[in-house]
1. Please work out if A85 is free of Cβ contacts under 8 Å to residues at least 40 places away in the same chain, surrounded by fewer than 21 Cβ atoms within 10 Å (Cβ to Cβ) and within 12 Å of P33 (Cβ to Cβ).
2. Check whether at least one residue in the range 65-80 is touching a Ser or Thr at 6+ places or on another chain (Cβ under 7 Å) and closer than 19 Å to T192 by Cα, and report yes or no.
3. If you take the residues of the range 132-169 that are more than 14 Å from A188 (Cα to Cα) and touching a strand residue (DSSP E or B) at 6+ places or on another chain (Cβ under 6 Å), which of them is surrounded by the most Cβ atoms within 10 Å (Cβ to Cβ)?
4. Given the conditions (1) within 30 Å of P43 (Cα to Cα); (2) touching a residue at least 24 places away in the same chain (Cβ under 8 Å); (3) of a type outside the set (V, I, T); (4) surrounded by fewer than 19 Cβ atoms within 10 Å (Cβ to Cβ), report the number of the one that C99 does not fulfil.
5. When only residues in the range 4-41 that are among the polar types (S, T, N, Q) and at pLDDT below 95 count, which is surrounded by the fewest Cβ atoms within 10 Å (Cβ to Cβ)?
6. Tell me which residues, restricted to the range 47-64, are crowded, with 17+ Cβ neighbours inside 10 Å and in a strand (DSSP E or B).
7. State which residue is surrounded by the most Cβ atoms within 10 Å (Cβ to Cβ) when the search covers only the range 170-193 and only residues that are modelled with pLDDT of 95 or more and of a type in the set (D, E, K, R).
8. Please specify each residue of the range 105-118 satisfying the condition of being surrounded by fewer than 21 Cβ atoms within 10 Å (Cβ to Cβ) and either of a type outside the set (A, V, I, L, M, F, W, C) or under 15 Å from E158 (Cα atoms) (or both).
Amino acid sequence: MMANCTARHERTIARRKRELLGGLTGTIVEIGPGAGANLPYYPRGVRWIGIEPNPHMHPYLERAARVAGLDAELREGYAGHLDFADGSVDTIVSTLVFCSVQNVAGSLTEIRRVLKPGGTFVFLEHVAAAEDSGTRLWQQRIAPFSAFFADGCHPDRETWKAIEAAGFSDVCIEHFRVPLPVIGPHIAGVATK
């Protein structure tokens, strides 16, 4: 379902993805790449390593990496435990991942650990709506169901607050909305170690 049902969302955020991912260089670790929706946006010549906990996504990722012509490596794992040396990665990417990460603060600490000095955490995430809004109320109501049926998704997470508090030297976050019910509020940005 995840591999085949995200076309509308992908069309809506394609420009932002091109801006965020199109100029990256070096070694890129993408956490939770799903079926590989980001792979066409990366420039050729980067070394891409995908950390995907769901083994059912691996065949989709392998195919997408071949089509994109990337130097790709795929590993099973989680954002909270990245099997890389301290200060060894140029960029970590997450898109639509932190709604389902079990330990947000711990995962952000792990991301900072593996990034090189000056390395970047590039993110695009759906997040909680404004407090006391109708959308936030719906997000809170469906959270127990989406956590169970949508691979651990918590639509009411204030992910931007966790990123701002994670100890990065610089954080640039843009809040925006896509025309989707419940998961319309989004953030995109770059945090620098």
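1. Working: free of Cβ contacts under 8 Å to residues at least 40 places away in the same chain: yes; surrounded by fewer than 21 Cβ atoms within 10 Å (Cβ to Cβ): yes; within 12 Å of P33 (Cβ to Cβ): no.
When the stated conditions are applied, A85 does not pass them.
2. Yes, there is a match, as at least one residue in the range 65-80 is touching a Ser or Thr at 6+ places or on another chain (Cβ under 7 Å) and closer than 19 Å to T192 by Cα.
3. F168
4. (4)
5. Result: N4.
6. Matches in the range 47-64: W48, I49, G50, I51.
7. K193
8. Matches in the range 105-118: A105, G106, T109, E110, R112, R113, K116, P117, G118.
The values are calculated or read from the model by the stated rules, or taken from the named source; none is laboratory data. Every value quoted in this text rests on a predicted model; they were computed, and no experiment measured them. Every residue, glycine as well, gets a Cβ built from its backbone with ideal geometry; the counts of neighbours run over all protein chains shown.
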